[in-house]
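Quick notes on the structure that follows.
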Amino acid sequence: MSILALINLRPDAKWKWVGNDYADIEWLDEVQTKPTFEEYTAEVARLQEKTVADTLAAEAAKQAAQAKLAKLGLTPDDLKALLG
């Protein structure tokens with residue numbers, strides 16, 4: 001998440017990470033400024049929330065599909081066998 005947060009905040013910026021914390025980011029870019037700690041933590045939180053939301057949406061879609069199959073009297077294995 002943390003690397004993706006930096007990429008989202010400053011696309012194509014030059015930097016390297018020499019540890020695990022925000023303080024360990026060595027900013028090399030001369031055009032773009034290093035994101036503030038607040039910007040960085042907000043983007044990490046946004047990405048984490050998006051991951052949770054995406055996971056919940058995928059699970060809901062899976063359950064909906066299984067419910068539709070059940071109404072037809074089929075299981076996921078039945079569908080796999082039919083589609084071969």
> Pulled fully out, how much extra length does the chain show between ALA64 and VAL52, if you take 0.36 nm times their separation in residues and subtract their Cα-Cα distance?
Replying inline: 2.5 nm
> Local charge sum around ALA57 (other residues, Cβ-Cβ under 13 Å, Lys/Arg +1, Asp/Glu -1)?
Replying inline: -1
> About the Cα centre of the chain, what is the dipole size in debye to 20, counting +1 per Lys and Arg Cβ and -1 per Asp and Glu Cβ, all else neutral?
Replying inline: 520
> Which residue, chosen from ALA45, GLN32, ALA67, occupies the Cα position most advanced towards the positive end of the dipole of the chain, where the dipole is computed from +1 (Lys, Arg) and -1 (Asp, Glu) charges on Cβ about the Cα centre?
Replying inline: ALA67
>> If you take P(r) over Cα pairs in 5 Å bins from 0, in percent from the coordinates, which of (i) 3, 13, 16, 15, 9, 7, 7, 7, 8, 8, 7, 2, 0; (ii) 3, 12, 17, 14, 8, 7, 7, 7, 7, 5, 5, 4, 3, 2, 1, 0; (iii) 3, 15, 28, 27, 18, 6, 2, 1 do you get?
In response: (i)
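Rule-based calculations on the coordinates, nothing more; no lab input. None of these values were measured; they are calculated from a predicted model. Note: ideal-geometry Cβ built from the backbone for every residue, glycine included; neighbour counts use all protein chains shown.
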